[in-house]
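> Pasting a structure here, questions to come.
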Amino acid sequence: MGTITASNSLLLHLCFYFFCLSFGKAADTITFSTPINDPQALTSNNGVFRLGFFSLSNSTDRYVGIWYNNRGIPQESVLWVANRNNPLKGGSGVFMVSDDGNLVVSYGQNQVLWSSNVRNGATPNASARLLDTGNLVLKDNSTAATVWESFRHPSDVFMPTMRISTNVRNGEKVQLTSWKSSSDPSNGGFSFGMEPLNIPQAFIWNNSKPYWRTGPWNGHTFIGLPNLNSVVLDGVRIENDNEGTWYLTLALAGQPLFSYVNLDPLGNPTQRYWDDEKGNWTTYRSFLETECDIYGKCGAFGICESQKSSICTCLRGFEPNNIDEWNSGNWTDGCTRIKPLRCDLESGDDKDGFLKLERIKVPDFAEWSESDHLENECENLCLNNCSCIAYAYDAGIGCMSWSQDLIDIQKFSRGGINLYIRLPRSELEKKNITVIIIITVATGTTVLIAISLVFLLRWMAKKRAMKQKGEEIRVFQVHAKSPVRHMADENRKEVKLQQLPFFKFQELAAATMDFNLSNKLGEGGFGPVYKVKIEIDASSLNPSWTHFPP
């Protein structure tokens, strides 16, 4: 009896132990004995994030992912997907810690669709915990060592406190990979990561080809992103752990809690945040803003300026490799140098010099001089190196130089730095000659226009005066044997109306004997003409033509 009682007591203790183990575990943790079965989910300690099974719109495929645990934010706003390339075809999925210590997504007869694939360090005594940062961390409970974390295997989202990294020694990378489409989370063609060779930069690659880049990091900002918001900028950090790994981190200080940078299926990195008032995601910034942001848009030795109607031009001293394609708007073949550099010349008219370009996103493949040099020393360093074809200076970086084709040059309306292109002296002087010609032609044209304008104004004034005068003038003709006729013969011109003498009709009738035919001289378009004899004081007259009415 007593034995039975002891056995029952032991059984009760075992049941209570497993009950506590099952239900007393943290709600944010997965263990070997406490998996998540579809449709179960767990939340982070403060309820910020949720991990579980989900489906996208118009699809029955099931995925395991992490999203914001906010009632207003739709479940489709997924930040991380485990089995993105191998969805579950049904609702019997399990997310668990396997007996070898790995996280796995499986279904049916333990068929594994996805695994954390930790080969070294994973043990059966492991657990995975969802943190309030959105990071899912797998730890070995025996040593408390982190053996795997979702932040080191991101999907298409760069979240605050996450680190994008590249190890220059072993080639290990942590980078984003876009979704194939908004309804398909499988790996797309675009990836985002660090390229720390020479000077650190961030890149987007389209498959394996560069698609977009930030420009060099100067310790405070990426000099190829002049419009980078100061709030974002204050949260960007690039660090080196002195073991060959470069890290890019993002901390959006002062930004909404629900905020991240997303690499969309078209390869465009955008900063998004959740707007509670509008009830949707709002794009705060798109980093790929114009065609000129696309890597190498104008080819080698071409420069892109988005504000021009034809955005690509060859650098001075260069011409298109393929003029027909260039004129058709296909600029990828770039430009070629017109005259070779003359590094062998120490003096002379064709000695090399530098063309200054302002507000520039400097080309890719910058070479950094490790020595501390002042800005005015960079020119001599480049000039004394025959392989150097361009240089630039930034206070946070120092001297940068280029010996390869100059690719991905962009001119900004603001920001950027000065870039100096090496050219033969004759190419540099071409602009001076051109400027002189332009100034001369412009000055001559201005003078000619001014002279023409003066003559035009004088002609218009004269014409206006003549018209005004014509309204005041009448032309008269005198046909009489009198001093008046003599004066009229000498002054057959226009006169003012107020200067003409006037005669009474009776005087004219008497002078012509009542217009007798014997005094008639003839007849014209204005009527008959008579000869008269009138005694007048000639000194009171101005010489003029005088009209006598019939």
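> State whether the residues of the stretch 382-404 include one that is among the aromatic types (Phe, Trp, Tyr), modelled with pLDDT of 80 or more, part of a strand (DSSP E or B) and farther than 30 Å from LEU288 by Cα.
The first filter runs over the stretch 382-404 and keeps only residues among the aromatic types (Phe, Trp, Tyr), leaving 391, 393, 402.
Now narrow it down to the ones that are modelled with pLDDT of 80 or more: 391, 393, 402.
Now drop any that are not part of a strand (DSSP E or B), which leaves 391, 393, 402.
Now restrict to residues that are farther than 30 Å from LEU288 by Cα: none.
Within the stretch 382-404, none of the residues are among the aromatic types (Phe, Trp, Tyr), modelled with pLDDT of 80 or more, part of a strand (DSSP E or B) and farther than 30 Å from LEU288 by Cα.
> Find all pairs meeting these conditions: Cβ atoms under 6 angstrom apart; at least six residues apart or on different chains; first residue within the stretch 399-419 and farther than 9 Å from LYS361 by Cβ; second residue surrounded by 15 or more Cβ atoms within 10 Å (Cβ to Cβ) and of a type in the set (Asp, Glu).
SER401/GLU367; ILE407/ASP364
> Collect the residues in the stretch 93-128 that are in contact with a Lys or Arg (Cβ under 7 Å, 6 or more places away or on another chain) and under 15 Å from SER33 (Cβ atoms), keeping them in residue-number order. Let's see the steps before the verdict.
Filtering the stretch 93-128 for residues in contact with a Lys or Arg (Cβ under 7 Å, 6 or more places away or on another chain) gives 93, 126-127.
Answer for the stretch 93-128, where residues must be in contact with a Lys or Arg (Cβ under 7 Å, 6 or more places away or on another chain) and under 15 Å from SER33 (Cβ atoms): ALA126, SER127.
> Are any of the residues in the stretch 279-292 at pLDDT 95 or above and surrounded by 15 or more Cβ atoms within 10 Å (Cβ to Cβ)?
Scanning the stretch 279-292 turns up at least one residue that is at pLDDT 95 or above and surrounded by 15 or more Cβ atoms within 10 Å (Cβ to Cβ).
> Which condition number does ALA300 fail, the rest of (1) under 23 Å from ALA202 (Cβ atoms); (2) of a type in the set (A, V, I, L, M); (3) at pLDDT below 95 being met?
Unmet condition: (3).
> Can you name the residue in the stretch 175-202 that is crowded, with 18+ Cβ neighbours inside 10 Å and hydrophobic (A, V, I, L, M, F, W, C) and is also farthest from LEU113 (Cα to Cα) among such residues?
By that ranking, first place goes to ILE199.
> Give the number of residues within the stretch 300-312 that are more than 13 Å from ARG337 (Cα to Cα) and either in contact with a Cys (Cβ under 8 Å, 6 or more places away or on another chain) or not basic (Lys, Arg) (or both).
Initial filter on the stretch 300-312 (more than 13 Å from ARG337 (Cα to Cα)): 303-312.
Filter once more, keeping what is either in contact with a Cys (Cβ under 8 Å, 6 or more places away or on another chain) or not basic (Lys, Arg) (or both): 303-307, 309-312.
So the count comes out to 9.
> Test each condition in (1) in a strand (DSSP E or B); (2) in contact with a helix residue (DSSP H, G or I) (Cβ under 8 Å, 6 or more places away or on another chain) for ARG272 and report the one that comes out false.
With (1) in a strand (DSSP E or B); (2) in contact with a helix residue (DSSP H, G or I) (Cβ under 8 Å, 6 or more places away or on another chain) applied to ARG272, the lone miss is (2).
> Also: Which one is surrounded by the most Cβ atoms within 10 Å (Cβ to Cβ) among residues in the stretch 109-126 that are farther than 23 Å from ARG62 by Cα and in contact with a strand residue (DSSP E or B) (Cβ under 6 Å, 6 or more places away or on another chain)? Break it down into steps so the answer makes sense when it comes.
In the first step, residues of the stretch 109-126 are kept if they are farther than 23 Å from ARG62 by Cα; the result is 118-126.
From the residues that got through so far, the ones that are in contact with a strand residue (DSSP E or B) (Cβ under 6 Å, 6 or more places away or on another chain) too are 118, 121-123, 126.
Working: VAL118: 17, GLY121: 15, ALA122: 20, THR123: 15, ALA126: 26.
Checked the stretch 109-126; the qualifying residue surrounded by the most Cβ atoms within 10 Å (Cβ to Cβ) is ALA126.
> Any chance the stretch 73-88 includes a residue that's closer than 28 Å to THR282 by Cβ, of a type in the set (S, T, N, Q) and part of a loop (DSSP other than H, G, I, E, B)? Give the steps one after another, and end with the answer.
Let us first name the residues in the stretch 73-88 that are closer than 28 Å to THR282 by Cβ, namely 73-82, 84.
Now narrow it down to the ones that are of a type in the set (S, T, N, Q): 75, 77.
Then drop every residue that is not part of a loop (DSSP other than H, G, I, E, B), which leaves 75, 77.
The answer is yes; a qualifying residue exists.
> Can you pull out the strands (runs of 3 or more DSSP E) entirely within the stretch 115-229 that have at least 2 residues that are within 30 Å of CYS292 (Cα to Cα) and of a type in the set (A, V, I, L, M)?
Ranges flagged: 201-206.
> Out of (1) within 42 Å of the chain's Cα centre (by Cα); (2) over 27 Å from VAL48 (Cβ atoms); (3) surrounded by 14 or more Cβ atoms within 10 Å (Cβ to Cβ), what's the single condition that is false for GLU172?
For GLU172, the failing item is (3).
> Specify which of the listed residues (ASN229, ASN218, ASN206) is modelled with pLDDT under 90 and surrounded by fewer than 19 Cβ atoms within 10 Å (Cβ to Cβ). Give the steps one after another, and end with the answer.
Details: ASN218 fails: modelled with pLDDT under 90; ASN206 fails: modelled with pLDDT under 90.
After applying the criteria, what remains is ASN229.
> What residue, among those in the stretch 1-55 that are within 43 Å of the chain's Cα centre (by Cα), assigned to a loop (DSSP other than H, G, I, E, B) and of a type in the set (Ser, Thr, Tyr), is modelled with the highest pLDDT?
SER44
> May I ask you to say which residue of SER155, SER57, SER92, SER106 is of a type outside the set (Phe, Trp, Tyr), surrounded by fewer than 20 Cβ atoms within 10 Å (Cβ to Cβ) and in contact with a strand residue (DSSP E or B) (Cβ under 7 Å, 6 or more places away or on another chain)?
Numbers: SER155 fails: surrounded by fewer than 20 Cβ atoms within 10 Å (Cβ to Cβ); SER57 fails: in contact with a strand residue (DSSP E or B) (Cβ under 7 Å, 6 or more places away or on another chain); SER106 fails: surrounded by fewer than 20 Cβ atoms within 10 Å (Cβ to Cβ).
Residue meeting the stated conditions: SER92.
> I need the full set of residues from the stretch 56-66 which are closer than 25 Å to LYS278 by Cβ and either part of a loop (DSSP other than H, G, I, E, B) or at pLDDT below 95 (or both), in order please.
First, pick out the residues of the stretch 56-66 that are closer than 25 Å to LYS278 by Cβ: 56-58, 65-66.
Within the stretch 56-66, LEU56, SER57, ASN58 meet the criteria.
> Condition check: of a type in the set (Asp, Glu), more than 30 Å from TRP281 (Cα to Cα), in contact (Cβ under 8 Å) with a residue 12 or more places away in the chain and in contact with a Phe, Trp or Tyr (Cβ under 9 Å, 6 or more places away or on another chain). Does ASP140 satisfy that? Steps first, answer last, please.
Working: of a type in the set (Asp, Glu): yes; more than 30 Å from TRP281 (Cα to Cα): yes; in contact (Cβ under 8 Å) with a residue 12 or more places away in the chain: yes; in contact with a Phe, Trp or Tyr (Cβ under 9 Å, 6 or more places away or on another chain): no.
When the stated conditions are applied, ASP140 does not pass them.
> Which of the residues spanning the stretch 66-81 are touching a residue at least 60 places away in the same chain (Cβ under 8 Å) and in contact with a Phe, Trp or Tyr (Cβ under 7 Å, 6 or more places away or on another chain)? Spell out the reasoning first.
First, pick out the residues of the stretch 66-81 that are touching a residue at least 60 places away in the same chain (Cβ under 8 Å): 66, 68, 70, 72-73, 77-81.
If the condition is that a residue be touching a residue at least 60 places away in the same chain (Cβ under 8 Å) and in contact with a Phe, Trp or Tyr (Cβ under 7 Å, 6 or more places away or on another chain), then ILE66, TYR68, ASN70, ILE73, SER77, VAL78, LEU79, VAL81 are the ones that fit.
> With respect to TRP212, determine if the residue is in contact with a helix residue (DSSP H, G or I) (Cβ under 7 Å, 6 or more places away or on another chain), of a type in the set (A, V, I, L, M, F, W, C), buried (at least 20 other Cβ atoms within 10 Å of the Cβ) and not assigned by TED's automatic domain parsing to the domain that holds GLY299. Reasoning before the result, please.
Working: in contact with a helix residue (DSSP H, G or I) (Cβ under 7 Å, 6 or more places away or on another chain): yes; of a type in the set (A, V, I, L, M, F, W, C): yes; buried (at least 20 other Cβ atoms within 10 Å of the Cβ): yes; not assigned by TED's automatic domain parsing to the domain that holds GLY299: yes.
It is true that TRP212 is in contact with a helix residue (DSSP H, G or I) (Cβ under 7 Å, 6 or more places away or on another chain), of a type in the set (A, V, I, L, M, F, W, C), buried (at least 20 other Cβ atoms within 10 Å of the Cβ) and not assigned by TED's automatic domain parsing to the domain that holds GLY299.
The values are calculated or read from the model by the stated rules, or taken from the named source; none is laboratory data. All of these numbers come straight from a predicted model, not from anything done at the bench. So basically every Cβ, Gly included, is an ideal-geometry build from the backbone, and we count neighbours across all protein chains shown.
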